[in-house]
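Input: a single structure, listed below in structure tokens.
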Amino acid sequence: MSDVEDDFMCEEEEDYGLEYSEDSNSEPDVDLENQYYNSKALKEDDPNAALASFQKVLDLEGGEKGEWGFKALKQMIKINFKLGNYKEMMVRYKQLLTYIKSAVTRNHSEKSINSILDYISTSKNMELLQDFYETTLDALKDAKNDRLWFKTNTKLGKLYFDRSDFNKLAKILKQLHQSCQTDDGEDDLKKGTQLLEIYALEIQMYTAQKNNKKLKTLYEQSLHIKSAIPHPLIMGVIRECGGKMHLREGEFEKAHTDFFEAFKNYDESGSPRRTTCLKYLVLANMLMKSGINPFDSQEAKPYKNDPEILAMTNLVSSYQNNDINEFETILKQNRKNIMDDPFIREHIE
């Protein structure tokens with residue numbers, strides 16, 4: 001089970017407080033509660049029966065939206081996603097979004113939608129993701145939930161980046177920037193963490209477009225934000241793009257520093273990009289003609305014998321020894337590991 005799935009499931013067990021006011025003397029509806037837990041017991045062995053059973057929770061509500069209906073819809077979204085019933089999943093998600101205004105607390109709805117967003121974001125179906133994020137944003141227009149709006153928009157922006165749809169990404173970035181500005185139109189440095197997320201997305205776009213002029217300005221701005229506690233993954237993205245920018249400008253030592261910082265951040269966040277950045281570090285090491293072994297560092301040493309890294313270090317070794325035959329042999333044997341990366345290919349060909 002993935003961490004995201006585990007989080008999604010654990011969240012179901014938490015009591016986000018079936019909140020009943022003292023003066024109303026209301027009690028949890030036992031029939032609804034029993035129906036919900038009976039349905040939940042079915043979902044692993046017979047998901048279709050569970051879906052029908054969760055529908056009964058909604059029927060028992062009789063149009064009065066409440067906590068148990070909200071929880072039932074969350075389960076129905078999850079089951080339909082696992083079964084690949086994406087059309088039905090979207091129907092249920094739109095239904096759930098009608099509950100966020102009055103049926104559950106703001107805190108509960110935010111945590112729930114956050115967990116659903118993270119769960120569905122594991123999909124590789126880009127059309128589904130786009131529909132999902134846009135539906136969420138549409139529902140949030142009236143909800144005035146800035147944090148959820150920001151998170152959903154950054155996910156939609158990342159989707160546009162993955163699809164190389166830079167026009168739509170630019171529009172998202174404009175909206176995100178506006179949400180982090182003061183009344184004077186300047187960056188609100190009190191929102192440093194959000195600003196770094198925006199910069200990371202924008203920096204990736206300019207790196208892909210090879211727009212070094214705009215990239216340099218943004219990169220330097222991002223390093224001057226001191227009010228943030230960024231996720232290491234965000235800093236990994238920023239430093240990786242900085243390394244690429246410096247390498248393209250022939251500033252090999254600066255590139256070397258950035259790739260090493262990117263590697264450490266990716267390593268801390270558990271991102272597979274750490275291996276890619278180590279390859280870039282080896283490349284920068286080769287181009288700066290350094291005699292220092294990048295794997296002498298405590299952080300990089302465990303990856304020294306990784307097959308992908310080994311191919312790259314052997315390539316550099318043959319280059320430094322002026323052994324053209326060995327260089328070409330290694331390239332031929334490890335073409336996928338080395339030359340499939342467009343950035344490495346750009347500097348080796």
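Here are the numbers:
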{"read-out": "Number of the condition not met by Lys213 [criteria: (1) out of contact with any helix residue (DSSP H, G or I) (no Cβ under 8 Å at 6 or more places or on another chain); (2) surrounded by 20 or more Cβ atoms within 10 Å (Cβ to Cβ)]", "value": "(2)"}
{"read-out": "Where a residue in region 281-301 is more than 14 Å from Ala262 (Cα to Cα) and its partner, wherever it lies, is buried (at least 21 other Cβ atoms within 10 Å of the Cβ) and at pLDDT below 85, with Cβ under 7 Å and at least six apart", "value": "Asn285/Pro294"}
{"read-out": "Residue list for region 249-291, restricted to those being on the phi > 0 side of the Ramachandran plot and under 29 Å from the mean Cα position of the chain (by Cα)", "value": "Gly270"}
{"read-out": "Flag for Glu127 being closer than 30 Å to Ser222 by Cα, surrounded by fewer than 20 Cβ atoms within 10 Å (Cβ to Cβ) and without any contact (Cβ under 8 Å) to a residue 40 or more places away in the chain", "value": "no"}
{"read-out": "Residues within region 201-218 that are touching a residue at least 12 places away in the same chain (Cβ under 8 Å), assigned to a helix (DSSP H, G or I) and farther than 22 Å from Gln175 by Cβ, tallied", "value": "2"}
{"read-out": "Among the candidates Gln298, Gln320, residue that is within 30 Å of His231 (Cβ to Cβ) and surrounded by fewer than 18 Cβ atoms within 10 Å (Cβ to Cβ)", "value": "Gln298"}
{"read-out": "Restricting region 273-318 to residues that are of a type in the set (Phe, Trp, Tyr) and at pLDDT 85 or above, the residue that is farthest from Glu249 (Cα to Cα)", "value": "Tyr303"}
{"read-out": "Residue match in region 87-98 (condition: surrounded by fewer than 20 Cβ atoms within 10 Å (Cβ to Cβ) and farther than 30 Å from Asp165 by Cα)", "value": "yes"}
{"read-out": "Qualifying residue in region 75-94 (condition: over 26 Å from the mean Cα position of the chain (by Cα), of a type outside the set (Asp, Glu) and within 20 Å of Lys40 (Cα to Cα))", "value": "no"}
{"read-out": "In region 239-253, residue farthest from Phe343 (Cα to Cα) [restricted to those that are surrounded by 23 or more Cβ atoms within 10 Å (Cβ to Cβ) and either of a type in the set (Val, Ile, Thr) or free of Cβ contacts under 8 Å to residues at least 60 places away in the same chain (or both)]", "value": "Arg239"}
{"read-out": "Residues within region 141-170 that are over 16 Å from the mean Cα position of the chain (by Cα), at pLDDT 90 or above and over 16 Å from Thr207 (Cα atoms), tallied", "value": "1"}
{"read-out": "Members of region 162-187 found to be crowded, with 19+ Cβ neighbours inside 10 Å and either more than 30 Å from Lys226 (Cβ to Cβ) or of a type in the set (S, T, N, Q) (or both), listed by number", "value": "none"}
{"read-out": "Leu159 being crowded, with 17+ Cβ neighbours inside 10 Å, under 26 Å from Ile100 (Cβ atoms) and of a type in the set (A, V, I, L, M, F, W, C)", "value": "yes"}
{"read-out": "Residue list for region 323-345, filter: surrounded by 13 or more Cβ atoms within 10 Å (Cβ to Cβ), in a helix (DSSP H, G or I) and under 32 Å from the mean Cα position of the chain (by Cα)", "value": "Asn337, Ile338, Met339, Phe343, Ile344"}
{"read-out": "Condition broken by Ala228, with the remaining ones in (1) within 19 Å of the chain's Cα centre (by Cα); (2) crowded, with 20+ Cβ neighbours inside 10 Å satisfied", "value": "(2)"}
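The values are calculated or read from the model by the stated rules, or taken from the named source; none is laboratory data. Quantities reported herein were computed from a predicted structural model and do not represent experimental measurements. Cβ sites come from the backbone with ideal geometry, for glycine too, and all protein chains shown count toward neighbours.
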